[in-house]
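Here is the structure we will look at.
The values are calculated or read from the model by the stated rules, or taken from the named source; none is laboratory data. Just so you know, these numbers come straight off a predicted model, no measurement behind them. Cβ sites come from the backbone with ideal geometry, for glycine too, and all protein chains shown count toward neighbours. The protein model used for the area step is the full one, side chains on, heavy atoms only, and it has no ligands, DNA or RNA in it. Shrake-Rupley method; radii C 1.70, N 1.55, O 1.52, S 1.80 Å.
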Amino acid sequence: MTFGEQPAYLRVAGDLRQKIVDGLLPPHTRLPSQARIREEYGVSDTVALEARKVLMAEGLVEGRSGSGTYVRERPVPRRVARSGFRPESGATPFRQEQAELSARGTWESRSERTEASGAIAERLAVQPGDRVMCTKYVYRDAGEVMMLSTSWEPLAVTGRTPVMLPEEGPLGGMGVVERMAAIDVIVDNVTEEVGARPGLAEELLALGGVPGHVVLVVQRTYYASGRPVETADVVVPADRYRVAYHLPVK
């Protein structure tokens, strides 16, 4: 194969992908069979099979037991807006994550004391095994699960205070900035790193994805005078959402 030349299975997959994008193979249409692909493109069964695997891995088609492989409905991506750590109005976790007044969101949460893993300890600048409060959220928009979030707060900061449980007490449901301010911890900075990876099985089960689907992960950390006071992983399905940032110009 010369430089720049694609393997045959990628060329076949690319042509089929373009037909899906152009609407020549609309949603719910059955993908040409392996034999049909072999004949139409003049390739081997192995190449035809690998091309179909590529489209399936990309989430463009799905297999239906006993029926064949069909083009999937392509969702129109929606935005998950980010606007820093000071929401314009309201202070609930969901509004902080979406930062949109029109959010139709609800959420469920569960908090538990646990020990910081090596990775979380590094993000919180504590020792592995130190006690942290871990809170897991499931966010819904109009009833559809659209986002998962797991946060960790060092109990050395919040332990035995009214804000130890993010969703309980006098400031339950408020944002990190407001909760920390209540115990005289002033949040003055936040960092976010956005990456993509294959979704974990439990994440895809909750988000309604299929094995192999990619998720976007926003790794967020709040700081007070340089000390991390909360870190979180926000997970959204990459095929249904885009992360949009609205940052003030200073």
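Of the candidates Leu55, Leu60, Leu31, Leu24, the single residue that is out of contact with any Cys (no Cβ under 6 Å at 6 or more places or on another chain) and open to solvent by 70 Å² or more (accessible area, probe 1.4 Å) is Leu24.
Checking the condition without any contact (Cβ under 8 Å) to a residue 24 or more places away in the chain, of a type outside the set (Gly, Ala, Ser) and out of contact with any Phe, Trp or Tyr (no Cβ under 8 Å at 6 or more places or on another chain), which residue from Glu202, Glu193, Glu167, Glu178 passes?
Unique residue meeting the criteria: Glu202.
Just give me the residues in the range 125-161 being closer than 22 Å to Val218 by Cα and polar (S, T, N, Q), in sequence order. Listed by number, the residues that qualify are Thr135, Ser149, Thr150, Ser151. Considering the range 120-139, and only residues there that are in contact with a helix residue (DSSP H, G or I) (Cβ under 9 Å, 6 or more places away or on another chain) and among the charged types (D, E, K, R), the residue that is least open to solvent (accessible area, probe 1.4 Å) turns out to be Asp130.
Looking only at the range 205-218, residues that are under 10 Å from Val235 (Cβ atoms) and out of contact with any Phe, Trp or Tyr (no Cβ under 8 Å at 6 or more places or on another chain) come to 5 in all.
Residues in the range 202-236 that are over 24 Å from Thr158 (Cβ atoms) and either part of a loop (DSSP other than H, G, I, E, B) or open to solvent by 80 Å² or more (accessible area, probe 1.4 Å) (or both): Glu202, Leu205, Gly208, Gly209, Val210, Pro211, Gly212, His213. Comparison of Asp239, Asp184 shows that the only residue that is open to solvent by 40 Å² or more (accessible area, probe 1.4 Å), outside any helix (DSSP H, G or I) and closer than 24 Å to Arg74 by Cα is Asp239.
Does the range 7-27 include one or more residues that are more than 29 Å from Arg240 (Cα to Cα), modelled with pLDDT under 95 and among the basic types (Lys, Arg)? Checking the range 7-27: not a single residue is more than 29 Å from Arg240 (Cα to Cα), modelled with pLDDT under 95 and among the basic types (Lys, Arg).
Quick grid of which residues meet (1) modelled with pLDDT of 95 or more; (2) of a type in the set (D, E, K, R); (3) in contact with a helix residue (DSSP H, G or I) (Cβ under 9 Å, 6 or more places away or on another chain); (4) over 30 Å from Met56 (Cα atoms):
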position: Ala142; (1), (2), (3), (4): no, no, no, no
position: Met180; (1), (2), (3), (4): yes, no, yes, yes
position: Ala201; (1), (2), (3), (4): no, no, no, no
position: Val214; (1), (2), (3), (4): no, no, no, no
position: Tyr223; (1), (2), (3), (4): yes, no, no, yes
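Tell me, yes or no, whether the range 90-102 has at least one residue that is modelled with pLDDT of 50 or more, in a strand (DSSP E or B) and within 20 Å of the chain's Cα centre (by Cα). Within the range 90-102 (the criterion being modelled with pLDDT of 50 or more, in a strand (DSSP E or B) and within 20 Å of the chain's Cα centre (by Cα)), the answer is no, since none of the residues qualifies. For the range 152-178, the set of residues classified as open to solvent by 60 Å² or more (accessible area, probe 1.4 Å) and either in a loop (DSSP other than H, G, I, E, B) or in contact with a helix residue (DSSP H, G or I) (Cβ under 7 Å, 6 or more places away or on another chain) (or both) consists of Arg160, Pro162, Glu168, Pro170, Met174, listed by residue number. Contact map, the range 54-75: residues that are within 17 Å of Lys19 (Cβ to Cβ) and without any contact (Cβ under 8 Å) to a residue 40 or more places away in the chain paired with residues that are assigned to a loop (DSSP other than H, G, I, E, B) and open to solvent by 50 Å² or more (accessible area, probe 1.4 Å), Cβ distance under 9 Å, separation 6+ or inter-chain. Pairs shown: Gly68/Ser33; Thr69/Ser33.
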